[in-house]
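Visitor: Okay, handing you the structure first.
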Amino acid sequence: MVSLVDATKDKYATAILNRELQPIQLIIDDADGVVKDNNIAVALSLFARDKLGLSLGDTVMLKGEKRRETVCIVKFDICPTNHIQMNRVVRNNLRVRLGDIVSIQGCRDVEHGKYIHVSPVDDTVQGITGNLLEVYLKPYFGKFHRPVHKGDVVIVHAAMHAVEFKVIETEPSPYCIVTLDTVIHCYPIKHEEEEISLNEIGYDDIGGVRKQLAQIKKIVELSLKHPQLLKTIEGVGVGV
């Protein structure tokens with residue numbers, strides 16, 4: 001027989017889980033403080049953290065307007081309510097700009113990677129003769145447990161150079177945590193191939209609908225800044 005206390009605990013745990021898995025939308029700001037030079041971190045306000053049920057160091061899934069995804073680690077900093085701070089590397093992986101809207105939700109139980117395939121972008125390794133795996137990748141991934149997502153571009157600084165590596169595949173897919181036990185495979189790709197992926201077409205690239213897209217964006221931003229309006233205006237669809 002289940003006691004009342006146990007039932008209450010189960011309901012509380014379920015409520016926390018549901019809150020973590022329910023995405024919210026935030027407005028993108030440039031990174032500052034602890035996330036400025038961190039390519040796997042985002043900063044959230046206390047409001048966003050509490051709404052998502054997140055703690056420091058938790059992993060989150062981010063989705064951009066072009067249906068691009070990446071995974072990051074939560075850091076807390078001075079961040080306005082309904083905003084999220086991320087640096088240029090994270091924004092590029094999501095194909096978003098400052099002021100765009102991003103969807104964020106908790107990403108539970110991210111598995112440790114068995115292996116990942118990464119490729120150095122060719123024109124970022126010109127003049128480099130050292131072993132990329134030993135000089136760049138192992139030190140970068142060996143310092144911390146870092147989340148990676150298939151399609152991400154990782155920028156690694158070492159030996160007075162910055163090398164870009166594109167994540168081609170992960171196991172498990174499409175994302176994982178890279179640890180000391182994760183096998184890293186590395187082979188090159190051409191910069192032109194990465195430029196093609198960076199220029200993927202999204203809704204904001206389609207001609208003739210910019211006015212409508214701007215109106216939709218204003219509505220979403222208004223609802224984020226003033227959520228009480230949705231409670232007072234009848235007939236507002238859940239999609240807004």
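Visitor: I'm a student and want to see the number: the projected area of the Cα convex hull of the range 70-187, averaged over all directions, in nm². Provide the component values of the computation, followed by the final result.
Guide: On the way: hull surface 32.8 nm².
Dividing the Cα hull surface by four gives the mean projection, 8.2 nm².
Visitor: Moving to a separate point now. For the range 130-183, which chymotrypsin sites (Phe, Trp or Tyr not before Pro) are in a loop by DSSP, counting at most 15 other Cβ atoms within 10 Å?
Guide: Numbers: sites: Tyr136, Tyr140, Phe141, Phe144, Phe165, Tyr175; in loops: Phe144.
Within the range 130-183, the qualifying chymotrypsin sites (Phe, Trp or Tyr not before Pro) (loop, at most 15 other Cβ atoms within 10 Å) are Phe144.
Visitor: Counting alpha carbon pairs within less than 8 Å and at least 6 residues apart, what relative contact order, in whole percent, applies to the range 115-198?
Guide: 48 percent
Visitor: Within a 10 angstrom radius of the beta carbon, how do Leu44, Leu54 rank from fewest other beta carbons to most?
Guide: On the way: Leu44 25, Leu54 21.
In order of increasing Cβ crowding within 10 Å: Leu54, Leu44.
Visitor: Could you sort out which of Lys75/Lys143; Lys114/Lys150; Lys36/Lys66; Lys36/Lys138; Lys36/Lys75 sit more than 19 Å apart by Cα distance in this structure? Kindly include the intermediate steps, with their values, before the conclusion.
Guide: Numbers: Lys75/Lys143 17 Å; Lys114/Lys150 14 Å; Lys36/Lys66 23 Å; Lys36/Lys138 22 Å; Lys36/Lys75 11 Å.
The pairs that break the limit, which is 19 Å between Cα atoms, are Lys36/Lys66; Lys36/Lys138.
Visitor: A follow-up question, please. List the residues whose amide H sits under 5 Å from the amide H of Thr179, counting only those 5 or more places along or on another chain, with H placed 1.01 Å from N in the peptide plane.
Guide: Gly113
Visitor: First check a/c for the range 121-194, with a ≥ b ≥ c the square roots of the eigenvalues of its C-alpha gyration tensor; if it is under 1.5, answer rounded, and if not, answer prolate when a/b is larger than b/c or oblate otherwise. Let's see the in-between values first.
Guide: Working: a/c = 2.08, a/b = 1.26, b/c = 1.65.
Oblate is the answer for the range 121-194, as a/c is 1.5 or above yet b/c matches or exceeds a/b.
Read-outs: derived from the displayed coordinates by stated rules, not from any lab. None of the values given here were measured: they were computed from a predicted structure. Counting neighbours? That spans all protein chains shown, and the Cβs are built from the backbone with ideal geometry, glycine included.
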